[in-house]
Structures are given as C-alpha cells and as structure tokens.
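The next block holds one structure in the form of structure tokens; read it before the comments.
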Amino acid sequence: MPSSVYNYVVAFGAAFGGLLFGYEIGVVGQVLVMDSTFGQYFGIAYSDPANTKDDGWSRYDNYSDVTGNVTMTFLLGCLAGAAIVSWMADFLGRKRSILVGGILFVIGVTMQVAAPSIAVLYTGRVIGGLGIGILSMAVPLFIAETAPTHLRGRMVTVQQLMITIGILIASIINAIIIKTSPETNLRWRLALGMQLIPGVGVVVCNVFMPYSPRWLANRNRDSEAIKILARLRGVSIEDATVQAEFREIKESIEMERQIGTGSWAELLKPGIRNRVVFAVMLQFFQQWTGINFILYYLPNLIVLMGFTHDQADIPFAIANNFVNMVGTFPGMYLVERSGRRALLLWGAISMAFFQLFTCLMVGLSQSHGSGFSWLAVFSIFGFTLSFASTWGPIVWVYQSEIFPLRVRAKGTGVGTMSNWANNAIIAKVSPKLTDAIDYKVYALFGGLALAGGIFVKFFIPETKNLALEELDTLFGAEPLVHETNKTSADVELVKEKA
Ligand code: BGC
C-alpha cells in the first residue's frame, strides 16, 4: 500500500493535540508550588518570616485540598471528555471532534489564566480537561483511520511523541519563567498561558485536515472518501491499490451493518466485549506502571532519595522528561517490526525491573548515602525509558486499531476513560501511599507492571499488519467475508504467531 508525505503531515497535524495533553501534565505540578504568587493569590500560602528553613513561605491548612482540587477538576473533565467523544466522534466525525476538543481547551486555559477567583480557576480546569479528554481519544482514532495498514502503528505513535515533547517543553519553559520573570502573578499566568500557543495550533491545523475516509464511507459520502484516501496514499483515484482499499472499507461497512447497529449494547457482544476488556485493562496497567506517579511527584521523590529541592527539582525533571521524549523513538521504530505484543511484554519486564531496583536503591540510600541516591535516579530514568518505548505509545496504538468501525468510537472512548480514571486515582492516592509505605511504593508499581506483562502474555494477540477490517477474525467476532488481498490464512498465521 503506498503512503505519502501528506499522510505524515496529516498525522503530525492531528498529533498536535498530544502536545497539549503533555504540556498540561508537565506544567501543573510546577504552578502549584509557586507559593509566593499562585499560592498567595488563591489564599493557600502566606508569607512567614519565621520560616527560615525554606524560602519564607508557609501553607494554609486548605493547601492540599486546593491543589488536589486543581488536579482533580482537570482529570474529571478529561474523563467526561472521553465519555462525550464516544458519541461525538460518530456524530460529528473525528476531524470535527478534534476541533471541538481544541476550542474547549483554549476556552478553559483562557479562563484559568484570567481567573479572578478559585471558582473560575476550577471551571477553567474542567473545561480544559473536557478538551483534552476529547483530543486524547479522537487524535489516535483519526490517525489510525487515515494511515496505511503497514504504517498505522508508527503513525499513531506520533501522538505519544507529541505528548512527551509537550511534557519536556513545559518543564523547560517553567524553568525559564522561574529564573527570569519577576515574582508576580505574571509567573503562573505565563506558565499556564503558554498552552494557548499549541491550543490555537490545534484549531488552526484542523482547518487543513481532511475528514477520516472511513468515517465518510460510513456516512455514504463515498466520492469524498475515495478522493481523500487517494490523496493520503499519494496516488490518483483510479489507482488500483486505492480502489481495492476503498472497496475493502466499503464491503466491511456493508457487512458490519448486517451484523450490528453500532449501539452501546453491542460492546457487550462476544468478539467485541473481549476487545473492550483489553482496551480497559491495557489502559489500567499503563497507568499503574506508575509513570504519572513519577512525572507528577518527581520533585518530592528526589527529596526522599536524599537530594534537596533546590539542587535537584528542575534539572532532574528536565532530564527525566528528555529521556521520556527520546525513548519514544525506539518504540516508533519497533512497533512495525517487533509488533505490539513483544514491546508490551518486554516493556513490562523492564519497567518492573527498574521499579524494583529503584526501591532497593532508595532504601539503601537512606542508610548508606548518596552513591545509592544517584543509582536510584538513574534507575528512574531507566524506568521512564522503558515506558516511553513500549507501554506509552503501544497502548494507544492497540486501542485505536482493535475495534470494528461501527463501535470504534465507543470502544476507544471506554478505553480512554479507563486511562483518565486510573490517572485520577493515582494522582490522588500516590502521595498517601508514599506517606504510608515510603519507598516501597516503587515495589508496588513494579509488581503491577509485572502483572500487566502477565496479562499481555495470556490474552493480548498481535495486530501488526492486519487491516482494520481484518481484525474481527482475530478477536473471534462474526467474521466479515469479503475479497481482500490478504487471505484468512494470513490472519491465522498472525494469530498463531501471537
Ligand atoms: C499516558 C499518560 C502519560 C504519558 C507520559 C501517555 O501514554 O497515557 O498518562 O502521562 O504517556 O509520557
């Protein structure tokens, strides 16, 4: 199947949505500790000259409630966004869902930047979260539906690359703001407001995006669909490969219509419900590897390792975020070579190893000092690298490709809700867990990463190189019988290998 530069441009344009997702993850923790500006403005920190050990600022009792609410309002918005998009991506289409996500995000961030009160800040967080929830599902779905089969995995991983670039940029920009801007409210407003640049970018890019050809075909807008498909593949409409691909899409849509209606109830049917469980569980395990525990709380974790905030916050966070970004490249390369399953398996083993090793090193650093602290830091980098090249991108790829078209939006929506719900739970419970079991919390996440690997080993089949229309056979749903250039023997072969 041919592919084109245009197809990559389209994938990158859509993946801009990932940049917002990432920037938000990277920025909020930094804003919350700006005591002298953000903290004082919202009445959660006060100037305390007697406080000599730190920087002369202390926190009111409501500090942790407010910071918890700032995180939670956003994550709950994301969860609701993922629920809404399950319906919207069918009704409005994938492209326009991305547009709505971008617009909501811009509105939400504008409210946060201008917030005169905590209530407006929270409302802005919910609206911004709605936007991110929508984008986090609509973007990979759109990319998967526009990509040629043999590059689909790689193109969907572009979104993960953008997420990690967003996280990295957020930490660098914050460091610059903290070092260079005066200690006024401009600081947090600037840190949050920088998100408007990629936010507006998503909205503007959207104007130049095509509609998903699969969504168009499903709406019987065939002539538009085939034109876009030909343009994406870089060939003319008459080209035999594009004609064949289009025929295959159309035939499976017809077959699917005979099998089901694409209702919510269909998610519970045999052959579909297993895929819902796979998407939900993979997202569950992705979150419970502990990646966001590390990303959100790194400044606190390195203090546990024996470093001071001043010494370590910014450089360690930037270094870790850099590893997270660079680590995505091996994943992008390997996804079409080793396949999804092998990456998930190896990722689980190596993440478990590094989490357990970190646990050991932090334990030793508390009794034996700084040599072990450094080993703990490198071990965290090792964990981040393992995540970034495997579970980070692959879970999104897998989820966006396993569902038949008629329930794809609903199925991926449910998977995305699992991502955000577990993310929210981790944001809430991990500080308490760390208080309760100290550095053993790493071992807990290590054990969960291993459990994710076991789940993959026994349940998750390989999907590499199968057309979106061919996956029904693999997952044991009623097969769609139609002419394709892949025979069912090919499907069997992949199943066996898995
Ligand atoms: C996860 C996010 C995580 C990010 C880190 C994504 O795949 O879903 O929760 O923060 O990777 O790079």
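Would a scan of the stretch 276-286 turn up a residue that is under 26 Å from VAL377 (Cβ atoms) and open to solvent by less than 30 Å² (accessible area, probe 1.4 Å)? The answer is yes, given that some residue of the stretch 276-286 is under 26 Å from VAL377 (Cβ atoms) and open to solvent by less than 30 Å² (accessible area, probe 1.4 Å).
Within the stretch 442-473, the residues that satisfy the criterion of being modelled with pLDDT under 90 and on the phi < 0 side of the Ramachandran plot are LEU466, ALA467, LEU468, GLU469, GLU470, LEU471, ASP472, THR473.
In the stretch 463-479, the qualifying residues are those that are open to solvent by less than 20 Å² (accessible area, probe 1.4 Å) and part of a loop (DSSP other than H, G, I, E, B), and the one that is nearest to LEU364 (Cα to Cα) is THR463. Among the residues making up the stretch 109-140, those that are open to solvent by less than 10 Å² (accessible area, probe 1.4 Å) and in contact with a Phe, Trp or Tyr (Cβ under 8 Å, 6 or more places away or on another chain) are LEU121, ARG125, GLY128, GLY129, GLY131, ILE132, GLY133, LEU135, SER136, PRO140. Out of VAL395, VAL414, one residue alone is more than 29 Å from ARG337 (Cβ to Cβ), part of a helix (DSSP H, G or I) and under 21 Å from the mean Cα position of the chain (by Cα). It is VAL414. Residues of the stretch 17-40 being part of a helix (DSSP H, G or I), more than 16 Å from the ligand (Cβ to nearest atom) and touching a helix residue (DSSP H, G or I) at 6+ places or on another chain (Cβ under 7 Å), which ones? Of everything in the stretch 17-40, those that are part of a helix (DSSP H, G or I), more than 16 Å from the ligand (Cβ to nearest atom) and touching a helix residue (DSSP H, G or I) at 6+ places or on another chain (Cβ under 7 Å) turn out to be VAL31, LEU32, THR37, PHE38.
For the stretch 65-81, the condition of being of a type in the set (Ser, Thr, Tyr), closer than 21 Å to GLN195 by Cα and away from the ligand (no atom under 16 Å from the Cβ) holds for at least one residue.
Tally up the residues in the stretch 41-71 that are open to solvent by less than 80 Å² (accessible area, probe 1.4 Å) and part of a helix (DSSP H, G or I), please. The qualifying residues number 8. Of the helices (runs of 4 or more DSSP H) lying entirely inside the stretch 169-257, those containing at least 2 residues that are more than 29 Å from the chain's Cα centre (by Cα) span 222-233. Taking the conditions (1) modelled with pLDDT under 90; (2) surrounded by fewer than 21 Cβ atoms within 10 Å (Cβ to Cβ) in turn, LEU268 satisfies each one other than (1). Here the condition is being modelled with pLDDT of 90 or more and crowded, with 21+ Cβ neighbours inside 10 Å; of GLY77, GLY17, it holds for GLY77 alone. Within the set PHE278, PHE285, the sole residue that is modelled with pLDDT of 90 or more, within 14 Å of the ligand (Cβ to nearest atom) and either of a type in the set (Phe, Trp, Tyr) or in contact with a Pro (Cβ under 9 Å, 6 or more places away or on another chain) (or both) turns out to be PHE285. Residues considered: ALA82, ALA14. Of these, the only one that is assigned to a helix (DSSP H, G or I), in contact with a Phe, Trp or Tyr (Cβ under 8 Å, 6 or more places away or on another chain) and closer than 30 Å to ALA230 by Cα is ALA14. In the set (1) touching a residue at least 60 places away in the same chain (Cβ under 8 Å); (2) away from the ligand (no atom under 16 Å from the Cβ); (3) touching a helix residue (DSSP H, G or I) at 6+ places or on another chain (Cβ under 7 Å), ALA45 fails one condition alone, (1). Residue count for the stretch 288-315, restricted to those that are among the aromatic types (Phe, Trp, Tyr), within 16 Å of the ligand (Cβ to nearest atom) and open to solvent by 10 Å² or more (accessible area, probe 1.4 Å): 3. Scanning the stretch 437-458 for residues that are of a type in the set (Ser, Thr, Tyr) and open to solvent by 10 Å² or more (accessible area, probe 1.4 Å) yields one hit, TYR439. Residues that are within 26 Å of PHE455 (Cβ to Cβ), in a helix (DSSP H, G or I) and open to solvent by 10 Å² or more (accessible area, probe 1.4 Å) are absent from the stretch 363-380 altogether.
Every listed requirement among (1) more than 16 Å from the ligand (Cβ to nearest atom); (2) buried (at least 20 other Cβ atoms within 10 Å of the Cβ); (3) at pLDDT 95 or above is met by MET325 save one, (1).
The values are calculated or read from the model by the stated rules, or taken from the named source; none is laboratory data. This structure is a prediction, so every number in the text was calculated from the model and none was measured. Virtual Cβ from ideal backbone geometry, glycine too; neighbours counted across all protein chains shown. Heavy atoms of the whole protein, side chains included, go into the accessibility calculation; ligands, DNA and RNA do not. Shrake-Rupley method; radii C 1.70, N 1.55, O 1.52, S 1.80 Å.
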